[in-house]
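The values are calculated or read from the model by the stated rules, or taken from the named source; none is laboratory data. Everything numeric here is computed off the predicted structure, so don't read it as measured data. Note that each Cβ is placed from the backbone with ideal geometry, even for glycine, and that neighbours are counted across all protein chains shown. These area figures cover heavy atoms from the full protein model, side chains too; ligands, DNA and RNA do not enter into them. Shrake-Rupley method; radii C 1.70, N 1.55, O 1.52, S 1.80 Å.
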Amino acid sequence: CIRKSSPRACDPTALDAMASLVPPEDLLRLPRLTAWSLLGAGEDGLRNKVLILDEAASMKPEALNALRLLHQRGALSTSQTRPEGSSVRTKTVEVQGPLAMFGEAVGELDEGLEAICLTMDADDSPEQTGRILEAQRQKREGIDPEERDMITTLHRNAQRLLEPLPVTIPFADRIQFPGTTVRHRQEQEALLRLVEASALAHQWQRLRNKGAIVANEADFGIAVGLLGPSIARASDDLSPSAREVLDLIQFK
């Protein structure tokens with residue numbers, strides 16, 4: 001998931017807060033992503049990890065290609081050469097996923113990245129600005145360190161209890177999805193993945209069938225709430241820049 005924002009609306013504290021709630025053993029925090037960040041992670045260096053990326057818009061093509069392959073195949077293959085005495089040995093390493101990624105982007109995103117990531121626009125509304133201003137003032141009043149540590153520990157331990165189990169969506173054949181543009185193929189896949197993610201996060205409140213978590217309609221509602229605006233934008237076939245201009249015209 002990548003949040004797109006303008007330079008004025010960019011708020012790194014949101015990523016800081018998210019990073020603080022992830023168990024340290026499962027967290028990867030990078031200012032920007034390179035291909036070697038993924039390929040050099042080692043066999044289990046990415047498996048079930050959470051990657052928080054401070055700047056996603058500056059991603060190089062090599063890194064994007066590696067991320068796309070990891071998304072599609074669930075793993076990456078790389079060859080590593082190491083000296084052994086007077087010779088050199090080549091070893092193939094399979095870097096395993098899955099990997100969850102959250103990031104901030106200022107500026108336009110590569111279409112290839114948007115194709116594999118859920119993108120969300122930063123909330124620039126006056127209401128959100130008011131909430132941020134209030135939070136800034138409250139921060140200066142002082143935060144109870146014991147309460148903060150309790151909340152952090154609670155979130156981390158809750159994540160540690162999650163098991164990496166498969167998810168089934170028994171009502172998948174009843175989902176009606178628009179099919180007017182090619183982009184809807186990617187959007188439906190994103191929707192189904194969000195349903196699976198919600199069921200995985202709520203696995204202790206969900207039924208299980210033959211070792212798999214069974215998603216329910218509550219998971220579908222959460223996914224639609226997150227992805228609904230993006231699905232609506234996909235139907236107009238406008239580029240992000242054209243959509244921004246149109247929104248400004250309509251607003252005036």
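Numbers at a glance
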| read-out | value |
| --- | --- |
| The range 170-194 residues that are more than 13 Å from residue 228 (Cα to Cα) and of a type outside the set (D, E, K, R), paired with ones that are open to solvent by less than 40 Å² (accessible area, probe 1.4 Å) and outside any helix (DSSP H, G or I) (beta carbon under 9 Å, 6 or more apart) | 170/214; 170/215; 171/215; 172/215; 175/169 |
| Count of residues meeting criterion [in a helix (DSSP H, G or I) and farther than 14 Å from residue 172 by Cα] in the range 188-230 | 14 |
| Residues (modelled with pLDDT under 90 and crowded, with 16+ Cβ neighbours inside 10 Å) located in the range 193-232 | 226, 227, 230, 231 |
| Counted residues, the range 120-142 - those being among the polar types (S, T, N, Q), surrounded by 12 or more Cβ atoms within 10 Å (Cβ to Cβ) and in a loop (DSSP other than H, G, I, E, B) | 0 |
| The range 156-187, residues that are in contact with a Pro (Cβ under 9 Å, 6 or more places away or on another chain) and part of a helix (DSSP H, G or I) | 156, 157, 159, 160, 184, 187 |
| Filter result (among the basic types (Lys, Arg), within 20 Å of the chain's Cα centre (by Cα) and open to solvent by 80 Å² or more (accessible area, probe 1.4 Å)) within the range 143-186 | 160, 183, 185 |
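The rows are residues; the columns are (1) more than 25 Å from residue 225 (Cα to Cα); (2) touching a residue at least 24 places away in the same chain (Cβ under 8 Å).
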| position | (1), (2) |
| --- | --- |
| 108 | no, yes |
| 121 | no, yes |
| 140 | yes, no |
| 152 | yes, yes |
| 155 | no, yes |
